[in-house]
Amino acid sequence: MSAGRRIRFTAVLVTVVFALTGFSSSGGSGSGGSGKSKGKSSSSGGGCSSSKSKKKTHGGSGSSSSATPSPSRTAPPAHAVVVTCVGAGKTEATVKVTSDADAKTTVRVPLVFEDAQRGTVDAGSVRVQLKARESKTVTVPMTVPAKAAEVADCRVGTVERA
């Protein structure tokens, strides 16, 4: 590799690294011109805008509300997996439900019975009472057992507190 290509390659590489790590050559918002981009909060002290450095500030005047992600919803109290599905002559599915909670909880486990084209044939649900971190295997009956032969797959919906 020639010296000119090596310098050009190095310059491109440095530019990419700076772009990915939050550095800018514009000097930020006109205060100091240190070559590092300034975050949304002018009291952040400049420097790299990685989330690691922002997470260290808790409360006070230097904190940034955008540094801590806020969950859009709480985690489900339990999760479930299908053990056996329904089919010709079998009108109940078997589901293993596991509590993710640290306390006793009652959950509703919805189950959708689908045909080969992923269309809904039937749906059912079951209420399950679980101790902290307990697992139980339960059956979920079809509401229309005559359609059992049409079912190709069973899919667990979102497990919620009952």
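Going through segment 86-100 one residue at a time, which ones are crowded, with 20+ Cβ neighbours inside 10 Å and of a type in the set (A, V, I, L, M, F, W, C)?
Correct list: Val86, Ala93, Val95, Val97.
Taking the criterion of being open to solvent by less than 20 Å² (accessible area, probe 1.4 Å) and either of a type in the set (S, T, N, Q) or in a strand (DSSP E or B) (or both), would at least one residue in segment 136-143 satisfy it?
Within segment 136-143, one or more residues are open to solvent by less than 20 Å² (accessible area, probe 1.4 Å) and either of a type in the set (S, T, N, Q) or in a strand (DSSP E or B) (or both).
Would a scan of segment 144-151 turn up a residue that is of a type outside the set (Gly, Ala, Ser), modelled with pLDDT of 95 or more, part of a strand (DSSP E or B) and exposed (fewer than 15 other Cβ atoms within 10 Å of the Cβ)?
No, the conditions are met nowhere in segment 144-151.
Given (1) within 25 Å of the chain's Cα centre (by Cα); (2) surrounded by 13 or more Cβ atoms within 10 Å (Cβ to Cβ), where does Val81 come up short, assuming only one miss?
Among (1) within 25 Å of the chain's Cα centre (by Cα); (2) surrounded by 13 or more Cβ atoms within 10 Å (Cβ to Cβ), Val81 violates only (2).
Return only the number of the condition from (1) farther than 27 Å from Ala75 by Cα; (2) open to solvent by 30 Å² or more (accessible area, probe 1.4 Å) that Arg108 does not satisfy.
(1)
What about Thr94, is it of a type in the set (Ser, Thr, Tyr) and either within 22 Å of Arg73 (Cβ to Cβ) or assigned to a loop (DSSP other than H, G, I, E, B) (or both)?
No: the conditions fail for Thr94.
Take the residues in segment 90-113 that are touching a residue at least 60 places away in the same chain (Cβ under 8 Å) and not small (Gly, Ala, Ser), then tell me which one is nearest to Ala162 (Cα to Cα).
From segment 90-113, those touching a residue at least 60 places away in the same chain (Cβ under 8 Å) are 93, 95, 97; that's our starting set.
When the remaining residues are screened for being not small (Gly, Ala, Ser), the result is 95, 97.
Details: Val95: 17, Val97: 14 Å.
Here the residue is Val97.
Which of the following residues is at pLDDT below 95 and either surrounded by fewer than 16 Cβ atoms within 10 Å (Cβ to Cβ) or part of a strand (DSSP E or B) (or both): Ala103, Ala132, Ala116? Before you say what the answer is, go through the steps one by one.
On the way: Ala103 fails: at pLDDT below 95; Ala132 fails: at pLDDT below 95.
Going through Ala103, Ala132, Ala116 in turn, just one is at pLDDT below 95 and either surrounded by fewer than 16 Cβ atoms within 10 Å (Cβ to Cβ) or part of a strand (DSSP E or B) (or both): Ala116.
The values are calculated or read from the model by the stated rules, or taken from the named source; none is laboratory data. Keep in mind that what you see is a predicted model, and the values were worked out from it rather than measured. So basically every Cβ, Gly included, is an ideal-geometry build from the backbone, and we count neighbours across all protein chains shown. Areas reflect the complete protein model, heavy atoms only, side chains present, ligands, DNA and RNA absent. Shrake-Rupley method; radii C 1.70, N 1.55, O 1.52, S 1.80 Å.
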